[in-house]
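Report on the structure given below.
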Amino acid sequence: QVQLVESGGGLVQPGGSLTLSCAASGDIFSINAMGWYRQAPGKQRELVAAITSGGSANYADSVKGRFTISRGNAKNTVYLQMNSLKPEDTAVYYCNADIATYTSSRFRGYWGQGTQVTVSS
C-alpha cells in the first residue's frame, strides 16, 4: 500500500507565497516522476508541474517563472514553491507520483488527498 500526504496549503493574499509538500510512503520499490496537479471549481484537473527522478522539470505555461518544483534528497518527497500567487491559482492541489511497489514491479500513478490553496485579499 502506498500513501501520498500533502501539506502546506492555505489562504494567502495575491502576490504572496506558499510552499506545498508531498511525502510518499509505504510499500515503495521505486519512484519515477512526481508532480502537482490542481483542480478549480467547475474545471478539469490540470498539470501544474512535474519532475523526473533525474531532476528534469516541466511547468504549465500559466505558472512558469512563478512556481518551482523540486524533489527532496530522499527522492520520496516533492515540493512546490509558489510565488507571486494570483487569485486564478485558487484550487485544490494534488500530488501525483509514478510508483512501483515491492508487491508489483509495474509503475502506476498514485494520488494524494489534495490540499486547498486559496488566493484572496
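Within the same chain, aspartates and glutamates fewer than 8 places from K43 are excluded, and of the rest, those with a Cα less than 19 Å from its Cα are D61, E88, D89.
Test of understanding: in a Gaussian network model of the chain with alpha carbons linked when under 10 Å, which of S105, S70, S53 would top the mean-square fluctuation ranking? Taking springs between Cα atoms under 10 Å, the residue moving most is S105.
Model label points for E88 and T52, set 7 angstrom from Cα along the Cα-to-Cβ axis, are 3.0 nm apart.
Take the Cα of A74, step 7 Å toward its Cβ, do the same at N32, and the gap between the two points is 2.4 nm.
Heavy-atom accessible surface of K86, to the nearest 10 Å², is about 80 Å², with a 1.4 Å probe and all protein chains retained. Considering only A74, A91, A40, the Gaussian network model of the chain with Cα springs below 10 Å gives its largest mean-square fluctuation to A74.
Springs between Cα atoms under 10 Å define the GNM used for the chain, and in it the highest mean-square fluctuation of P14, P41, P87 occurs at P41. Going by accessible surface with a 1.4 Å probe and the largest first, L47, L18 read L47, L18. Using a simple spin-label model with pseudo-atoms 7 Å out from Cα toward Cβ, S62 and Q81 lie 2.3 nm apart. Taking all protein chains into account, the per residue accessible area for the stretch 1-102 stands at 49 Å² (1.4 Å probe).
The values are calculated or read from the model by the stated rules, or taken from the named source; none is laboratory data. Just so we're clear, the structure is a prediction, and the values are computed from it rather than from any experiment. Virtual Cβ from ideal backbone geometry, glycine too; neighbours counted across all protein chains shown. Please note that ligands, DNA and RNA were not included when accessible areas were found on the heavy atoms of the full protein model with its side chains. Shrake-Rupley method; radii C 1.70, N 1.55, O 1.52, S 1.80 Å.
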